[in-house]
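Colleague: Can you read through this structure? Questions will come right after.
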Amino acid sequence: MNKQTFFILTSGLILSLSACKKTDIKEDLAIVDKYVAAAAAPAWRSVGSWSTTQEDASVIYNGSVTDTSLTAAIVADGLVLVYKKSGSEVQSLPVEEAGKFWYYQVSENTLEINCEGAESDDAVKQQTFQYILLSAEQVADLESKGHSRSDLMTLSHENARALLNN
């Protein structure tokens, strides 16, 4: 019985040591990490506080999200895709909807979401947003597969998630 236990333990140890090397794991992780930022988009979130400005005949709402993932490199050479969810409808920004123009601006550590319309509307503050960050390398890889930067910028939320999860 003792010889059998020793044989089983020894065989298991030999198999586990020869089956997977430390470098195998690193190579697999490098492949997985390639799209982690895109695949792990933040959950739908609302903007904490909005400021309102009246300009001529327009009301401009401005809200901002602070995120250290918005690095200088992503701002300069990458791509940020922003989506707005209202009820069950998801739209890519920029978008014009019901007399309001939604758009966004990106700077290091900050995503500003703006809405401009003819009249004041507190429903603007109820919208939720999600954004996907792509590094310059991810954009270059997608472009090499036939997806131009302008095509990527107009992807629907559903198509962006499907493309980036493959």
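The values are calculated or read from the model by the stated rules, or taken from the named source; none is laboratory data. Keep in mind it's a predicted model, so treat the numbers as computed, not measured. Glycine also receives a Cβ, built like all others from the backbone with ideal geometry; neighbour counts cover every protein chain displayed. In case anyone asks, the SASA skips ligands and DNA or RNA and just uses the protein heavy atoms, side chains included. Shrake-Rupley method; radii C 1.70, N 1.55, O 1.52, S 1.80 Å.
Colleague: Any chance you could count how many residues in the stretch 118-157 are over 16 Å from residue 95 (Cα atoms), modelled with pLDDT of 90 or more and part of a helix (DSSP H, G or I)?
Modeller: Within the stretch 118-157, residues that are over 16 Å from residue 95 (Cα atoms), modelled with pLDDT of 90 or more and part of a helix (DSSP H, G or I) number 10.
Colleague: From the residues in the stretch 134-148 that are free of Cβ contacts under 8 Å to residues at least 60 places away in the same chain and of a type in the set (A, V, I, L, M), which one is nearest to residue 75 (Cα to Cα)?
Modeller: For the stretch 134-148, the residue satisfying everything is 140.
Colleague: Can you spot a residue in the stretch 77-89 that is in contact with a Pro (Cβ under 9 Å, 6 or more places away or on another chain), open to solvent by 40 Å² or more (accessible area, probe 1.4 Å) and under 17 Å from residue 130 (Cα atoms)? Full working, then the answer.
Modeller: Initial filter on the stretch 77-89 (in contact with a Pro (Cβ under 9 Å, 6 or more places away or on another chain)): 82.
Applying the additional criterion that residues be open to solvent by 40 Å² or more (accessible area, probe 1.4 Å) yields none.
No, every residue in the stretch 77-89 fails to be in contact with a Pro (Cβ under 9 Å, 6 or more places away or on another chain), open to solvent by 40 Å² or more (accessible area, probe 1.4 Å) and under 17 Å from residue 130 (Cα atoms).
Colleague: If you don't mind, there's one more thing I want to ask. Return the only residue of 160, 73 being of a type in the set (Gly, Ala, Ser), part of a helix (DSSP H, G or I), open to solvent by less than 60 Å² (accessible area, probe 1.4 Å) and more than 17 Å from residue 49 (Cα to Cα). It would help to see each step written out before you state the result.
Modeller: Values: 73 fails: open to solvent by less than 60 Å² (accessible area, probe 1.4 Å).
Sole residue among the options that is of a type in the set (Gly, Ala, Ser), part of a helix (DSSP H, G or I), open to solvent by less than 60 Å² (accessible area, probe 1.4 Å) and more than 17 Å from residue 49 (Cα to Cα): 160.
Colleague: Step by step: first the residues of the stretch 101-115, then only those that are assigned to a strand (DSSP E or B) and open to solvent by 30 Å² or more (accessible area, probe 1.4 Å), then the one that is nearest to residue 47 (Cα to Cα). Which residue is that? Give the derivation first.
Modeller: Going residue by residue through the stretch 101-115, those that are assigned to a strand (DSSP E or B) are 101-107, 110-115.
Narrowing the set further to residues that are open to solvent by 30 Å² or more (accessible area, probe 1.4 Å) leaves 101, 103-107, 110, 112.
Details: 101: 17, 103: 14, 104: 13, 105: 14, 106: 15, 107: 16, 110: 12, 112: 9 Å.
Applying the filter and picking the extreme gives 112.
Colleague: Right, here's the next one. Here is a list of conditions, (1) loosely packed, with under 10 Cβ neighbours inside 10 Å; (2) at pLDDT below 90, and residue 66 meets all of them except one; can you say which number that is?
Modeller: Looking at each condition in turn, residue 66 falls short on (2).
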